[in-house]
Amino acid sequence: LAGEPLKVMISGAPASGKGTQCELIVQKYGLVHISTGDLLRAEVSSGTEIGNKAKEYMETGRLVPDEIVIAMVKSRLSQQDAKEKGWLLDGYPRSSAQAQSLEQMKIRPDIYIVLDVPDEILIDRCVGRRLDPVTGKIYHIKNFPPESEEIKARLVTRTDDTSEKVKSRLTTYKKNAEAISSTYLNILNKIDGNRPKDVVFGEIDSLLLRLQKDKVETKKLG
Ligand code: AP5
């Protein structure tokens, strides 16, 4: 017996490990991963109208205007796979207007996870981050080096991963964090993200397993 699909939100400062944990969550739970950062980077690299508008904001570490991001997420959440498999929202909502638009549509997660990592660690993580454009996998030159020379040769660095830009992304994050978490206080779970990624995932996993079990129970009762 399966319960209703899981609906998960993951938040945290730049480089707190959202994308890394999302890879592991998707592998195990098969949720539809909706990362506004990934969606926007795809628009930028394809040179679409949205991408051209978003580019200057992203490059300077500011938030892309709400109307662009809200429309993007609304359309992605309404697709059939997200309804059937459940979803994992990564890096959204990032402003109180974004959170309010979800509330208005009666879209609420089952859990709001916040990854907590000290500032000085975040900067090192960003500066050392590399992405594999072929698989989308996230690496770190020291913490998680690529598995082969072939992968290493094709890794790319994000243009917003310089230490100066990370600092301004962090300021933006801190300015908005409280307004958003106040919307989800009753389902907020803060997790210490400054531990090995498998340990962090172990904690998230046990929270999600419990939620899944509750949903099955609810279905049995209903
Ligand atoms: P986005 O792509 O969402 O960037 P971000 O929030 O700054 O988060 P990151 O992707 O930098 O980090 P992450 O937490 O996923 O960490 P990762 O797992 O990669 O957004 C980019 C831009 O798009 C924004 O600045 C904004 O302009 C725009 N945007 C996006 N969403 C928006 C929205 N809703 N509204 C408006 N604008 C929006 O890990 C980082 C590094 O650390 C990696 O190298 C990894 O290998 C390493 N690492 C991960 N976990 C660990 C661990 N446990 N121990 C050691 N190292 C680790």
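If Leu39 satisfies all but one of (1) touching a helix residue (DSSP H, G or I) at 6+ places or on another chain (Cβ under 8 Å); (2) touching a residue at least 40 places away in the same chain (Cβ under 8 Å); (3) part of a helix (DSSP H, G or I), what's the number of the condition it fails? Checking Leu39 against (1) touching a helix residue (DSSP H, G or I) at 6+ places or on another chain (Cβ under 8 Å); (2) touching a residue at least 40 places away in the same chain (Cβ under 8 Å); (3) part of a helix (DSSP H, G or I), the one that fails is (2). Taken together, the residues in region 11-32 that are basic (Lys, Arg) and either surrounded by 19 or more Cβ atoms within 10 Å (Cβ to Cβ) or within 8 Å of the ligand (Cβ to nearest atom) (or both) amount to 1. Considering only region 196-203, I want to know if a residue exists there that is away from the ligand (no atom under 16 Å from the Cβ) and small (Gly, Ala, Ser). The answer is no; no qualifying residue exists.
A count restricted to region 183-205 and to residues that are under 17 Å from Leu89 (Cα atoms) and of a type outside the set (A, V, I, L, M) stands at 6.
The strands (runs of 3 or more DSSP E) found wholly in region 125-222 and carrying at least 1 residues that are over 30 Å from Pro5 (Cβ atoms) occupy 129-131, 138-140. If you scan region 42-56, which residues turn out to be assigned to a helix (DSSP H, G or I) and surrounded by fewer than 15 Cβ atoms within 10 Å (Cβ to Cβ)? Listed by number, the residues that qualify are Ala42, Ser45, Ser46, Glu49, Asn52, Glu56. Condition check for Met72 on (1) in contact with a Leu (Cβ under 8 Å, 6 or more places away or on another chain); (2) near the ligand (Cβ under 8 Å from one of its atoms); (3) open to solvent by 10 Å² or more (accessible area, probe 1.4 Å); (4) without any contact (Cβ under 8 Å) to a residue 60 or more places away in the chain: one failure, at (2). When region 58-70 is filtered for residues that are in a helix (DSSP H, G or I) and either in contact with a Phe, Trp or Tyr (Cβ under 8 Å, 6 or more places away or on another chain) or at pLDDT below 95 (or both), the ones remaining, listed by number, are Met58, Glu59, Val69.
Of everything listed in (1) within 13 Å of Ser16 (Cα to Cα); (2) modelled with pLDDT of 95 or more, the single unmet condition for Glu120 is (2). Assessment of region 123-135 against the conditions (in contact (Cβ under 8 Å) with a residue 60 or more places away in the chain, open to solvent by 50 Å² or more (accessible area, probe 1.4 Å) and closer than 30 Å to Ser78 by Cβ) yields no matching residue. Taking the criterion of being at pLDDT 95 or above and open to solvent by 10 Å² or more (accessible area, probe 1.4 Å), the residues of region 79-89 that qualify are Gln79, Gln80, Asp81, Glu84, Lys85, Trp87.
Residues that are closer than 25 Å to Arg195 by Cα and either surrounded by fewer than 19 Cβ atoms within 10 Å (Cβ to Cβ) or near the ligand (Cβ under 10 Å from one of its atoms) (or both): does region 100-107 have at least one? No; the residues of region 100-107 include none that is closer than 25 Å to Arg195 by Cα and either surrounded by fewer than 19 Cβ atoms within 10 Å (Cβ to Cβ) or near the ligand (Cβ under 10 Å from one of its atoms) (or both).
Residue count for region 179-197 satisfying the condition of being of a type outside the set (S, T, N, Q), more than 17 Å from the chain's Cα centre (by Cα) and loosely packed, with under 13 Cβ neighbours inside 10 Å: 2.
For the condition in contact with an Asp or Glu (Cβ under 7 Å, 6 or more places away or on another chain), at pLDDT 95 or above and not hydroxyl-bearing (Ser, Thr, Tyr), Gly202 does not qualify.
The values are calculated or read from the model by the stated rules, or taken from the named source; none is laboratory data. What you are looking at is a predicted structure, and each value in this text was computed from that prediction instead of being measured. Note that each Cβ is placed from the backbone with ideal geometry, even for glycine, and that neighbours are counted across all protein chains shown. With ligands, DNA and RNA removed, areas are computed over all heavy atoms of the protein, side chains included. Shrake-Rupley method; radii C 1.70, N 1.55, O 1.52, S 1.80 Å.
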